[in-house]
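Everything below concerns the one structure shown next.
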Amino acid sequence: MKNNDLIDGLNHALNREVSTFLRYILQAATIKGAEWESVRSMYREQVTDETGHAQYLADKIVMLGGVPKLEPDLTPPPADVREMLERDIAEEKADVEGYMKLADLAEQAGLPDLKMKMEEQAADEAAHAETMTRMLG
Ligand SMILES: [Fe+2]
Ligand SMILES: [Fe+2]
């Protein structure tokens, strides 16, 4: 079945998204201190974006004949806020690359709607990385 690589790639991305929004929920809940309030709000807002990305991916996996498999990474996040931001900037950038690869696979599979959506999600992650980079100062 020609869509197998694509479905595997979408499942990998789904798990990265679920791992990300679980981590952001936890980080937003644990951050304390007035000086970090904007970082806390940023994580809370980005949970909504990442949840939307995960929902899109799960729906698309099913529509392509696959099965969404959830195996999120539950490694505890760092306690230090600057370390959180540094780690998440790297992860967001990795997600940009992942989505650009998925966009190529979608194009090869003749799925222009999926290609555009993967590019859109890449742009969302790039914006997240930029927001975090600004907060890090
Ligand atoms: Fe995302
Ligand atoms: Fe993101």
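The values are calculated or read from the model by the stated rules, or taken from the named source; none is laboratory data. Predicted model, so just to flag it, every value in this text is computed and none were measured. Neighbour counts run over all protein chains shown; Cβ positions are idealised from the backbone, glycine included. Heads up: the accessible areas ignore ligands, DNA and RNA and are worked out on the full protein's heavy atoms, side chains in. Shrake-Rupley method; radii C 1.70, N 1.55, O 1.52, S 1.80 Å.
Summary of computed values
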{"read-out": "Positive dipole terminus of the range 1-71, leading residue within 67, 53, 29 (C-beta point charges)", "value": "67"}
{"read-out": "Accessible area of the range 21-137 belonging to carbon and sulfur atoms, whole % at 1.4 Å probe", "value": "56"}
{"read-out": "Lys, Arg +1 and Asp, Glu -1 on Cβ, resulting dipole of the range 1-131 about Cα centre, debye, nearest 20", "value": "360"}
{"read-out": "Folded to 0 to 90 degrees: helix 81-108 orientation relative to the chain principal axis, Cα", "value": "10"}
{"read-out": "Charge dipole magnitude, Cβ of K and R +1, D and E -1 - the range 54-106, Cα centre, debye nearest 20", "value": "240"}
{"read-out": "Area of residue 93 that stays accessible when all protein chains are in place (1.4 Å probe, Å², to 10)", "value": "120"}
{"read-out": "Rounded FRET efficiency, nearest 0.05, which uses the C-beta distance separating residue 59 from residue 108 and R0 of 35 Å", "value": "0.95"}
{"read-out": "Residue-averaged [θ]222 nm for the chain, counting only DSSP H segments that reach four residues, each worth -39500 (n - 2.57)", "value": "-28000 deg cm²/dmol"}
{"read-out": "Area of residue 12 that stays accessible when all protein chains are in place (1.4 Å probe, Å², to 10)", "value": "120"}
{"read-out": "Mean-position separation - Cα centroids, the range 70-93 and the range 1-61, in angstrom", "value": "11"}
{"read-out": "In Å², nearest 10: area of residue 62 left accessible to a 1.4 Å probe", "value": "80"}
